[in-house]
Amino acid sequence: MAPRGIAWAAPLLTVVLLSLALRPALWGRPRADGPDLILISLDAVRADHLGCYGYDRPTTPQLDAFAQSAERYTRAYCQEPWTLTSHMSMLTGLYPDAHGVDFGRSLSPKIWTVAERVREAGYRTWGSVYDCFFLDPRFGYASGFDHYEVNQTPAHRRCSQAIDWLLEQDRPAFIFLHLYDPHSDTGEVPYEAPREFVERLAPGAQGVFEGWSGADGASETLRRVNEEGLAMPDSLRQRLRLLYDAGVAATDHAVGGFLDRLRGAGRLERSLVIIVADHGESLGDHGENTHGFFLYNATVQVPFMISGPGISPRRITDPVSLVDVAPTVLDLLGHERGDWIQGRSLTPLLLGTGDLA
């Protein structure tokens, strides 16, 4: 592993003697026309509930439209089906046993993140994540971000705040957006969404869960279904999926608004946009609700799409995974990715220069 502090380990005299003409090359300053980098994580969104992945319900018209201009991976997988370790694999290019992040264990200062690498190259960096504990700065997630906020802001407002910040300057930026809205909730129903999406995709579904959840909320009750055999009638299981779809649709709408404003500002065509999920959701498949217990496609297969300058829309069937995000980003931005990264760069596929090694 290359330590993130290695840049400061060189003797001060060496730094003083460096030629001013060499500084841009050595420090990797971005070109004036360098692309913005947008990484959007759709927490707990399983691939087969998106229209562009074959779903027959109208959950994701905005993401489906985005897929038309993106390279879309039909066999993309997470390393582990839960938020804490999966996102760190995404941001470091390392498998969970290599980055080591877990309950009570934060990221080692010897390990670089994408945010740190691109900030060193002159990028502004901004992260906004839902306060679900797992992406807290205590685990090392804030490393490399000029601004890193943790709150319970809904997807549409989080996206709006992100685009406001991006458009403040022309200087290239890296934005990490974590949208948690499709995830199971702590309220009275398993999956919550604004009324307009519930009425369209899950009419009447909320009412059948009245009184079903205890004081600890619906997510805890779903856990008890998994671990304690708490009864869940078929009538609830059927409506569970409908409510989940409403949450996916609300997130899709928020992402669409973000992309529309990016396009309207003339920044979309020069932005590298990656949309991916950290894991899926079982929704009762294989006897599991939520995720994290079993390794079936419902929880480990994720949507993964990339769009940007020089990238042609294609459907790719090669297997890829979340550890491939970091090396791909660094390659596309022209930055050294380091031999310690375990993921593969997808640039040969994205730019049509070859096959994956």
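The values are calculated or read from the model by the stated rules, or taken from the named source; none is laboratory data. It should be emphasised that the depicted structure is a prediction, and the values quoted were computed from it without experimental measurement. For neighbour counting, all protein chains shown are included, and Cβ atoms are generated from backbone atoms with ideal geometry for every residue, glycine included. Note: areas computed on protein heavy atoms with side chains; ligands, DNA, RNA excluded. Shrake-Rupley method; radii C 1.70, N 1.55, O 1.52, S 1.80 Å.
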Highest-fluctuation residue, GLN169, GLN342, GLN301 considered, GNM on the chain with Cα pairs under 10 Å: GLN169
Computed helical MRE - 222 nm, the chain, DSSP H runs ≥ 4 contributing -39500 (n - 2.57), nearest 500: -9000 deg cm²/dmol
Karplus 3J(HN,Hα) series, Hz, for the range 299-316 with 6.51 cos²θ - 1.76 cosθ + 1.60 (x for Gly, Pro): 10, 10, 8, 10, x, 8, 9, 9, 9, x, x, x, 9, 8, x, 8, 10, 10
Computed log₁₀ I(q)/I(0) - Debye formula, equal Cα scatterers, no solvent, the chain, q 0.06, 0.07, 0.11, 0.15 Å⁻¹: -0.22, -0.30, -0.73, -1.33
Average projected area [Cα convex hull, the range 60-196], square nanometres: 10.3 nm²
Calculated Rg and Dmax of the range 100-164 using C-alpha coordinates, Å: 12.7, 35
At least 15 Å along the helix axis (C-alpha) and Kyte average at least -0.5, DSSP helices within the chain: 234-264
Semi-axis lengths, Å, the range 158-267, gyration tensor of Cα atoms, sqrt of 5 times eigenvalues: 35, 15, 9
Heavy-atom surface of the chain, accessible at 1.4 Å and reported per residue (Å²): 43 Å²
Loop-located GluC sites (Glu not before Pro) in the range 137-219 whose Cβ has at most 16 other Cβ within 10 Å (DSSP): GLU168, GLU188, GLU210
Computed FRET value (nearest 0.05) for ASP102 with THR186, which takes r as the C-beta separation and R₀ as 22 Å: 0.45
Long-range amide H partners of VAL320 with built H, under 5 Å: ARG75, ALA76, TYR77
With DNA, RNA and ligands ignored, accessible area of THR74 (1.4 Å probe; Å², nearest 10): 20 Å²
Other-chain or far-sequence residues with amide H under 5 Å of LEU107's (modelled H): GLY140
Range in the chain, longest, excluding exposed trypsin sites (Lys or Arg not before Pro) [loop by DSSP; at most 16 other beta-carbon atoms within 10 Å]: 111-357
